[in-house]
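*Asks:* Handing you this structure, nothing more for now.
The values are calculated or read from the model by the stated rules, or taken from the named source; none is laboratory data. Because the structure is a prediction, the values reported are computed rather than measured. Backbone-built Cβ (ideal geometry, glycine too); neighbour counts: all protein chains shown.
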Amino acid sequence: MSNNTLFAPIMVNEATRKSQAWSCLCAAILCLLLPATTAHAQTTIEITSGIDDPTPIAVVPFGWSGSKVPSQDVAEIVSSDLRRSGLFAPIKAKDMLGQPHQSSDVHFRDWRAIDVDYVVVGKVKLGGGSQPLQVQYELLDVVKQQRILLEKLSGTEAQIRDLAHAASDKIYEKITGIRGAFSTKILYVSAANRKNRSYNFRLYKSDADGAREQLIVESEEPLLSPSWAPNGRDIAYVSFESGRPAIYRQNLATGEREKLTNFKGLNSAPAWSPDGKKLAMVLSKDGNPDIYVMDLASKNLRRLTRSSAIDTEPSWYPDGKSLVFTSDRGRAPQIYKVSLATGAIERLTFDGSYNARASVLPDNSGLVLVHQEEGQFHIAEFNFESERMRSLTKTSLDESPSVAPNGRMIIYATKQYGRGILAAVSTDGNVKYNFPRTVRDVREPAWSPWTE
Amino acid sequence: MNLIKRSIFFAAMLTLLAACGGSQPIVDETSSSDQAGSADTMGTGADSGFDRDGSSSDGAFGAGLQTVFYFDYDRSTLTYETRQALDRHAENLRNSARVIRLEGHADDRGTREYNLALGERRAKSIADYLVLQGVSRSQLETISYGEEKPIAFSQDEESYRLNRRVELK
């Protein structure tokens, strides 16, 4: 990879940020040896805020048997998933009085003694055949002293993280009553902007926890606005690779892609309809930015707005009958709603001088959006019933909020020490975590729908 | 390309080793203005083919004329100075068949899609003015990069100001 030499100096810069003179030489030598890919390898998420009283749970290290040791620690992945939700406080393995792998070996008093409410035990087996990896796990309620979940999962060796996330989803749902979204994916754009005016943009897909990053597209020209089709298999995005903005649709599995629009002016902000048949977008071919809806089968376009203002950032209501969008028709950017049936337009937000990039929560209870307050851009929630705006974040340059399909968490982009990172906040504002800072500017996360 | 990359790499290497002479961290985190991947060592926010006042510094388009124009936050209105400088471009363009590209940009406050629209509005604002001065619309091509191609990398007013621009090329 020719990129290695290009990105190696960035790694040095990062690695020596806080180091003293003596370590510089080592870092310089190391950077000659390490491939650039290691710059993205670490995905430790930093939880910065949680609920006051998270549920104590013990995810006991899984037993294993078979031809070789599994490449990933399933219990650790489950534990991280639950911790990241902010609702659970997984205890450390060293604090456990025993490490059973099946419910028949669990002594409830051992867990009551250390104030644990739930215990997860399990084992991993790596055998032969087409589904060599087998995971069995059980969830036990310590208070009731009973098993409340037993599941057996199987897959290929490469699917070990998938199986772990599937287990997290079930455990989370069993305890909270809410479907887990740990098995979902995210799309995001990462960029390197250099002062000599060369830029590099990459669109990535990864697991919701940032692991298994996979490059989708790379370009020296801007890539932005990734959007998921509801099937979780197709995406749309904007690429300037031809020298002008164009909207592309791409299949994630095959890589097959199609240029959907390439009009004069803006081609931006694609947003898939809930039924997957239409794509809302922004085109300025008729003079200035307006909202259009493309029927994907016929490629016919329908124009939804006709103002001389900026109309952008369309996003669908869950029922697919209306959209929200950002418009500065009232001078400052605010959120409006447009009905597909009647074309009627209604202003939704009045609080503050900058409200933008709204999306409707999956339960239709309100909006998640970017809201400016005292000169700072926060992620906020606007409740339809109370018509109340509430900032969920406190950092100053927060943007691109995208809601998990279960509506519990919002992933967004923010800046840390001048560099773009991804972060997440719960819809109630209580739980917050940051994805690790990388050598590149990371932005525009898009949370996938349910993938099964 | 590889050669260039390699040169940048070794230049950075030397810079690094040189900077290691003292015990200070190379980058002060609290004031770090370098975006990811900055491999050079220039201390100023902007680096481009023009000076701070936006004059073209080479023999390319608009030699001797201002080719970068700045805007207020969330605005696309042209200042008196901008209009005066554009009058000179208009005069040149009226006497030639040259097609120029107007690239609109925004600072990184606010959302990306809105900023794309804002950059376009700025580029069009200049295009409209040039047309008013008798330049043919067919000589003017506009494109917006929004906040995607910054030239200054700090989160401060000066960087924001430098990024809210239209470049004539």
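*Asks:* Report the residue count in region A:300-353 for those that are part of a loop (DSSP other than H, G, I, E, B), closer than 23 Å to residue A:447 by Cα and either outside the structural domain of residue A:400 (by TED's automatic domain parsing) or charged (D, E, K, R) (or both). Lay out the reasoning, then the answer.
*Replies:* Residues of region A:300-353 that are part of a loop (DSSP other than H, G, I, E, B), as a first pass: A:300, A:304-310, A:317-321, A:328-333, A:340-344, A:348-353.
Those still in the list that are closer than 23 Å to residue A:447 by Cα too: A:317-321.
Within this subset, residues satisfying the condition of being either outside the structural domain of residue A:400 (by TED's automatic domain parsing) or charged (D, E, K, R) (or both) are A:319, A:321.
Of the residues in that region, 2 qualify.
*Asks:* Let me ask something else. Quick one: which residue in A:286, A:319 is farther than 22 Å from residue A:351 by Cα, at pLDDT below 95 and out of contact with any Leu (no Cβ under 8 Å at 6 or more places or on another chain)?
*Replies:* A:286 is the lone residue from the list that is farther than 22 Å from residue A:351 by Cα, at pLDDT below 95 and out of contact with any Leu (no Cβ under 8 Å at 6 or more places or on another chain).
*Asks:* Examine region A:97-105 for a residue that is under 33 Å from the mean Cα position of the chain (by Cα), part of a loop (DSSP other than H, G, I, E, B) and surrounded by fewer than 13 Cβ atoms within 10 Å (Cβ to Cβ), and state whether such a residue exists.
*Replies:* The answer is no, given that none of the residues of region A:97-105 is under 33 Å from the mean Cα position of the chain (by Cα), part of a loop (DSSP other than H, G, I, E, B) and surrounded by fewer than 13 Cβ atoms within 10 Å (Cβ to Cβ).
The rows are residues; the columns are (1) away from chain B (no Cβ under 14 Å); (2) outside any strand (DSSP E or B); (3) basic (Lys, Arg); (4) touching a residue at least 12 places away in the same chain (Cβ under 8 Å).
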{"site": "A:160", "(1), (2), (3), (4)": "yes, yes, no, yes"}
{"site": "A:167", "(1), (2), (3), (4)": "yes, yes, no, yes"}
{"site": "A:182", "(1), (2), (3), (4)": "yes, yes, no, yes"}
{"site": "A:190", "(1), (2), (3), (4)": "no, no, no, yes"}
{"site": "A:209", "(1), (2), (3), (4)": "yes, yes, no, yes"}
{"site": "A:218", "(1), (2), (3), (4)": "no, no, no, yes"}
{"site": "A:241", "(1), (2), (3), (4)": "no, yes, no, yes"}
{"site": "A:244", "(1), (2), (3), (4)": "no, yes, yes, yes"}
{"site": "A:259", "(1), (2), (3), (4)": "yes, no, yes, yes"}
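*Asks:* Among the residues of region A:339-357, which ones are within 13 Å of chain B (Cβ to nearest Cβ) and in contact with a Ser or Thr (Cβ under 6 Å, 6 or more places away or on another chain)?
*Replies:* Within region A:339-357, A:355, A:356, A:357 qualify.
*Asks:* Next question. What tally of residues in region A:346-379 results from selecting those that are of a type in the set (A, V, I, L, M) and farther than 20 Å from residue A:270 by Cα?
*Replies:* Number satisfying all stated conditions: 2.
*Asks:* Here is a further query. So is residue A:385 assigned to a strand (DSSP E or B), surrounded by fewer than 16 Cβ atoms within 10 Å (Cβ to Cβ) and either outside the structural domain of residue A:316 (by TED's automatic domain parsing) or free of Cβ contacts under 8 Å to residues at least 60 places away in the same chain (or both) or not? Steps first, please.
*Replies:* Details: assigned to a strand (DSSP E or B): no; surrounded by fewer than 16 Cβ atoms within 10 Å (Cβ to Cβ): yes; either outside the structural domain of residue A:316 (by TED's automatic domain parsing) or free of Cβ contacts under 8 Å to residues at least 60 places away in the same chain (or both): yes.
When the stated conditions are applied, residue A:385 does not pass them.
*Asks:* A follow-up question, please. Could you tell me whether region B:63-81 includes any residue that is more than 30 Å from residue A:441 (Cβ to Cβ) and surrounded by 14 or more Cβ atoms within 10 Å (Cβ to Cβ)?
*Replies:* Yes, because at least one residue in region B:63-81 is more than 30 Å from residue A:441 (Cβ to Cβ) and surrounded by 14 or more Cβ atoms within 10 Å (Cβ to Cβ).
*Asks:* Among the numbered criteria (1) surrounded by 23 or more Cβ atoms within 10 Å (Cβ to Cβ); (2) aromatic (Phe, Trp, Tyr); (3) within 27 Å of residue B:104 (Cβ to Cβ), which single criterion is violated by residue A:228?
*Replies:* Of everything listed in (1) surrounded by 23 or more Cβ atoms within 10 Å (Cβ to Cβ); (2) aromatic (Phe, Trp, Tyr); (3) within 27 Å of residue B:104 (Cβ to Cβ), residue A:228 misses just condition (3).
*Asks:* Ok, one more. Across region A:55-84, what is the number of residues that are part of a loop (DSSP other than H, G, I, E, B), modelled with pLDDT of 95 or more and under 28 Å from residue A:410 (Cβ atoms)?
*Replies:* First, the residues of region A:55-84 that are part of a loop (DSSP other than H, G, I, E, B): A:60-62, A:67-73.
Cutting the leftovers down to modelled with pLDDT of 95 or more gives us A:60-62.
Next, from what is left, pick out any that are under 28 Å from residue A:410 (Cβ atoms): none.
Of the residues in that region, 0 qualify.
*Asks:* Condition first: among the charged types (D, E, K, R) and farther than 30 Å from residue A:158 by Cα. Can you find one or more residues in region A:226-238 that meet it? Full working, then the answer.
*Replies:* As a first pass, look at region A:226-238 and keep what is among the charged types (D, E, K, R): A:233-234.
Cutting the leftovers down to farther than 30 Å from residue A:158 by Cα gives us none.
The answer is no, given that none of the residues of region A:226-238 is among the charged types (D, E, K, R) and farther than 30 Å from residue A:158 by Cα.
*Asks:* Kindly indicate the residue of region A:405-434 that is assigned to a loop (DSSP other than H, G, I, E, B) and within 14 Å of chain B (Cβ to nearest Cβ) and also surrounded by the most Cβ atoms within 10 Å (Cβ to Cβ) among those meeting that condition. Lay out the reasoning, then the answer.
*Replies:* To start, the set of residues in region A:405-434 that are assigned to a loop (DSSP other than H, G, I, E, B) comprises A:405-408, A:417-418, A:427-431.
When the remaining residues are screened for being within 14 Å of chain B (Cβ to nearest Cβ), the result is A:417-418.
Details: A:417: 16, A:418: 20.
Out of the qualifying residues, it is A:418.
*Asks:* Looking at (1) farther than 29 Å from residue A:427 by Cα; (2) outside any strand (DSSP E or B), which is the one condition that is false for residue A:44?
*Replies:* Residue A:44 satisfies all of (1) farther than 29 Å from residue A:427 by Cα; (2) outside any strand (DSSP E or B) except (1).
*Asks:* Within region A:126-151, track down each residue that is surrounded by fewer than 17 Cβ atoms within 10 Å (Cβ to Cβ) and of a type in the set (D, E, K, R).
*Replies:* Listed by number, the residues that qualify are A:141, A:144, A:147, A:151.
*Asks:* Turning to a different aspect of this structure: So residue A:263 ticks every box in (1) surrounded by 16 or more Cβ atoms within 10 Å (Cβ to Cβ); (2) in contact with a Phe, Trp or Tyr (Cβ under 8 Å, 6 or more places away or on another chain); (3) more than 21 Å from residue A:348 (Cβ to Cβ) but one. Which box is left unticked?
*Replies:* Of the numbered conditions (1) surrounded by 16 or more Cβ atoms within 10 Å (Cβ to Cβ); (2) in contact with a Phe, Trp or Tyr (Cβ under 8 Å, 6 or more places away or on another chain); (3) more than 21 Å from residue A:348 (Cβ to Cβ), the odd one out for residue A:263 is (2).
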